[in-house]
Amino acid sequence: MFSTVSVVGLGYIGLPTAAALATKGVDVVGVDVDRAIVDMINAGRAPFVEPDLAVAVSGAVAMGRLRATLKPETAEAFIIAVPTPIGANREPDLSCVQAAAEAVAEVLDAGALVVLESTSPPGTTVQLSRWLAERRPDLTFPHSAGNAADVRVAHCPERVLPGRIMIEMVTNDRLIGGVSERCGARAKALYELFTQGQCHITDATTAEIAKLSENAFRDVNIAFANELSMICDQLDLDTADVIALANRHPRVNILQPGPGVGGHCIAVDPWFIVSAAPEQARLIRTARQVNDAKPAHVIAEVSRTASRFKDPVIACLGLSFKANVDDLRESPALHIVTELARQDIGRLLVVEPHIGELPARLVGTGQAKLVDLEAALHEADVIVLLVDHDAFRPVKRTTLRGKVVFDTRGLWH
Ligand code: SAJ
């Protein structure tokens, strides 16, 4: 039903989607503004690490089903998967969506489908339809022409978990928000090419808010755990004990506290809801503030303890934004270690099994050294566990004896 599909934005969502479609026999043209990414994909290589992605990309390129370009070309369907960050005032920044819309508009034919996958504030998909219409007065669009429009526009928010993208891309249910009913039906047909989960059709704005609610729900629940951990620290209680006991209740499931919430989704998306309804979104805003305050709490606790030692050696375990990934972007752990280095409170031994060298901002402090787990545990006076990597799980209690341990994730409970 679709022989050519163009995926605009070849990042963590666009590239796996392009590879998944190509694997199903669709001719896929990937578009990205970054020439290095385009060249790498055309050479059959994936520009970032994600389980099973590299083999999918090299296979799709070798079969001639996937190629990358800098500019969009005519296709039956376009999937836009570009970043939607927040600006300095925590307002949504839709400039990449607008730029993608303008580029796609140039090559749109009557009958084409345009899907927005980027996580977006309410109203963005309808706005996308307007942006396309501004550039193509010769075609009709669903925000004004409804089912009769020449072009179909829909939202299908990405919902995959980094680290499990290739699996969840196929198995997760999808939300399909059509700007008109016909748009929804057409988008469903596209996603059914590679999705085994169910496709639930709704309107575009409901799909936008439903996606944002998923991440806001998670953020609020993590904030509960993080607030509880700060209460327990204040009362000198073991947070992991408190949570484990409370979770023995059949209807209680408190999440794990941590050093803060990182990544590009959960720490960002709730602000789209706050921005859309600032007076009503009180709990969602507070949860963001609680989670954003957690790194400073960890830094204060570690510096207070380190100041009791003469020339303390501090082992910091983990730099990535969550367990078992190499992604350091928006990582609270990296922020904490950088700040501890800047405060010059002691010698920092950093353990991060997923990277080969420390990031430049940490090297620049001259205070931190990347070492292996054994060396760090042996030398340290203070141990700060920041990421619950599987590699840290088997540490023996006897190794920790006589040291001050901050287990921000409750991993060794
Ligand atoms: N975290 C905790 N405690 C927990 C769980 C997570 O502190 O109990 C922290 C993690 O360490 C990390 C952050 O929260 O710093 C977010 O990690 P995550 O694994 O919960 O989620 P993400 O950001 O990698 O991916 C989320 C997912 N959303 C939900 O689970 C509702 C994913 O399905 C979305 O597709 C993704 O956001 C996205 O792109 O929106």
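Results, tabulated for the structure shown:
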{"item": "Selection within the range 384-406 - under 14 Å from Leu319 (Cα atoms) and surrounded by 15 or more Cβ atoms within 10 Å (Cβ to Cβ)", "result": "Val384, Leu385, Leu386, Val387, Asp388, His389, Ala391, Phe392"}
{"item": "Condition check for Leu328: within 16 Å of the ligand (Cβ to nearest atom) and not charged (D, E, K, R)", "result": "yes"}
{"item": "Filter result for the condition that a residue is in the same structural domain as Ala240 (by TED's automatic domain parsing), touching a Cys at 6+ places or on another chain (Cβ under 9 Å) and within 20 Å of Lys322 (Cα to Cα), over Leu386, Leu373", "result": "Leu386"}
{"item": "Among the candidates Ala277, Ala293, Ala315, residue that is of a type in the set (Gly, Ala, Ser) and in contact with a strand residue (DSSP E or B) (Cβ under 9 Å, 6 or more places away or on another chain)", "result": "Ala315"}
{"item": "Number of the condition not met by Leu175 [criteria: (1) touching an Asp or Glu at 6+ places or on another chain (Cβ under 8 Å); (2) outside any helix (DSSP H, G or I)]", "result": "(1)"}
{"item": "Residue in the range 271-282 that is buried (at least 24 other Cβ atoms within 10 Å of the Cβ), within 16 Å of the ligand (Cβ to nearest atom) and not in a helix (DSSP H, G or I) present", "result": "no"}
{"item": "Single match in Asp388, Asp311, Asp326 (criterion: over 17 Å from Gly262 (Cα atoms) and part of a loop (DSSP other than H, G, I, E, B))", "result": "Asp311"}
{"item": "Hits in the range 285-306 - residues which are among the aliphatic types (A, V, I, L, M), more than 12 Å from the ligand (Cβ to nearest atom) and either more than 21 Å from Glu330 (Cα to Cα) or surrounded by fewer than 24 Cβ atoms within 10 Å (Cβ to Cβ) (or both)", "result": "Ala293, Ala296, Ile299, Ala300, Ala306"}
{"item": "Any chance Arg218 is more than 10 Å from the ligand (Cβ to nearest atom) and under 22 Å from the mean Cα position of the chain (by Cα)", "result": "no"}
{"item": "Test: Ala246 is surrounded by 12 or more Cβ atoms within 10 Å (Cβ to Cβ), away from the ligand (no atom under 16 Å from the Cβ) and without any contact (Cβ under 8 Å) to a residue 12 or more places away in the chain", "result": "no"}
{"item": "Ala287 vs. criteria among the aliphatic types (A, V, I, L, M), out of contact with any Gly (no Cβ under 6 Å at 6 or more places or on another chain), in a loop (DSSP other than H, G, I, E, B) and in contact (Cβ under 8 Å) with a residue 40 or more places away in the chain", "result": "no"}
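Here's the yes/no breakdown for (1) closer than 29 Å to Gly318 by Cα; (2) at pLDDT 95 or above; (3) among the β-branched types (Val, Ile, Thr):
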position: Val160; (1), (2), (3): yes, yes, yes
position: Met166; (1), (2), (3): yes, yes, no
position: His200; (1), (2), (3): no, yes, no
position: Arg218; (1), (2), (3): yes, yes, no
position: Ile222; (1), (2), (3): yes, yes, yes
position: Asn226; (1), (2), (3): yes, yes, no
position: Ile254; (1), (2), (3): yes, yes, yes
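One line per residue, one yes/no per condition, for (1) over 23 Å from Arg182 (Cβ atoms); (2) surrounded by 24 or more Cβ atoms within 10 Å (Cβ to Cβ); (3) within 22 Å of the chain's Cα centre (by Cα):
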position: Glu50; (1), (2), (3): yes, no, yes
position: Arg67; (1), (2), (3): yes, no, no
position: Ala75; (1), (2), (3): no, yes, no
position: Ile80; (1), (2), (3): no, yes, yes
position: Glu91; (1), (2), (3): yes, no, yes
position: Glu102; (1), (2), (3): yes, no, no
position: Ser118; (1), (2), (3): no, yes, yes
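The values are calculated or read from the model by the stated rules, or taken from the named source; none is laboratory data. On a predicted model such as this, the values are computed, not experimentally measured, just so you know. Virtual Cβ from ideal backbone geometry, glycine too; neighbours counted across all protein chains shown.
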